[in-house]
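A short reminder: the numbers here are calculations on the coordinates, not readings from a lab. As the structure is a prediction and not an experimental result, all values here were calculated from the model. Positions of Cβ are generated from backbone atoms using ideal geometry, with glycine treated the same way; all protein chains shown enter the neighbour counts.
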Ligand code: ATP
């Protein structure tokens with residue numbers, strides 16, 4: 001599940017030595033984010049305002065060439081659709097999602113967004129179209145405002161407050177000693193796990209990407225926080241193509257489609273009720289994880 005985590009680790013190392021100047025910092029991040037082996041094609045195009053249609057066509061990929069993790073998988077996702085990936089640990093759910101922003105390059109087959117091969121797009125513009133919300137929220141030492149604005153560096157005050165509100169964070173911020181200017185992080189106020197997640201959600205409302213990848217938390221939050229976050233996330237997903245690496249029953253049940261990934265590839269696809277009724281892998285997983 002830590003495919004996304006790798007670039008963040010590098011970022012954390014950089015933070016210490018780069019505390020000032022968020023714009024320069026961001027520029028640095030964009031470089032750090034990029035695997036040196038993965039580069040823009042000579043005639044790469046810039047994309048913006050995708051509708052969010054995604055296709056994987058016969059995609060084969062392995063972290064080591066001899067050991068493919070994905071072996072010829074195909075799938076397509078409609079604009080605005082929410083798809084939940086479920087399946088046993090290690091089946092490749094995170095790997096599938098990490099290929100879309102080109103953190104890794106496919107070995108064979110292709111991935112397209114709105115009909116364009118992702119290898120033909122500039123990395124920067126592709127990644128601008130994709131928002132990732134993961135379990136380990138990356139916050140830096142700075143004010144709440146700076147941390148939210150990280151989603152859109154030129155955001156106005158109004159936009160930042162609106163994002164906070166949509167992430168159900170504005171009450172929390174107003175209750176803080178210095179509101180938006182409160183410093184968080186090592187030398188500042190510590191945020192709870194749930195508040196950190198809502199910071200990540202606020203950033204995404206600001207970034208406003210047509211495609212979202214949600215790496216759902218496996219660690220438990222209290223029920224009330226859990227519900228509040230579920231609510232913010234489902235509001236965030238409205239009108240965006242959303243891929244969820246799903247661990248929670250609520251997300252899975254409400255997904256437009258569930259894709260069951262097993263070691264042999266995509267094993268089942270459909271809505272919750274249909275997959276339960278089919279009595280296959282999903283119904284057994286569901287029973288084992290959540291009871292009947
Ligand atoms: P989980 O539910 O535990 O998050 P998953 O279905 O998301 O699992 P992946 O994280 O995609 O599974 O992992 C698929 C396989 O790829 C596993 O065998 C894993 O060990 C391997 N793997 C994942 N990331 C890497 C990596 N960076 N380098 C090498 N192998 C990796």
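General observations
- When peptides 244-250, 145-151 are ranked by their average number of other Cβ atoms within 10 Å per residue, the highest-first order is 145-151, 244-250.
- Shape class for the range 222-289: prolate, because the ratio a/c of the largest to smallest gyration tensor axis (alpha-carbon atoms, square roots of eigenvalues) is 1.5 or more and a/b beats b/c.
- Dimensionless Rg ratio for the range 95-150, taking C-alpha atoms and the 2.2 N^0.38 Å reference: 1.42
- Our summary of shape: the Cα atoms of the chain have principal axis extents of 54, 51, 32 Å, ordered from largest down, in whole angstrom.
- Separation between Cα centres of the range 71-102 and the range 171-186, rounded to whole Å: 37 Å
- Nearest-ten-degree value, helix 157-166 long axis tilted from longest Cα axis of the chain: 50 degrees
- Rounded to 10°, Cα long-axis angle of helix 193-207 versus longest principal axis of the chain: 90 degrees
- Taking a ≥ b ≥ c as the square roots of the eigenvalues of the Cα gyration tensor, the range 39-104 is classed as oblate, since a/c reaches at least 1.5 and a/b does not exceed b/c.
- Listed peptides 37-47, 84-94 by packing density, highest first (mean Cβ within 10 Å): 84-94, 37-47
- Averaged over residues, the count of other Cβ atoms within 10 Å places the peptides 65-72, 105-112 in the sequence 105-112, 65-72, highest first.
- Descending Cα extents along the principal axes, the range 151-292, whole Å: 55, 30, 23
- In degrees, nearest ten, helix 22-32 long axis to first principal axis of the chain (Cα): 30 degrees
- Percent of C-alpha pairs per 5 Å bin, the range 87-193, short to long: 2, 9, 16, 17, 13, 12, 12, 10, 6, 1, 0
- DSSP assigns beta bridges within the chain; of those with both partners inside it, close to 50 percent run antiparallel.
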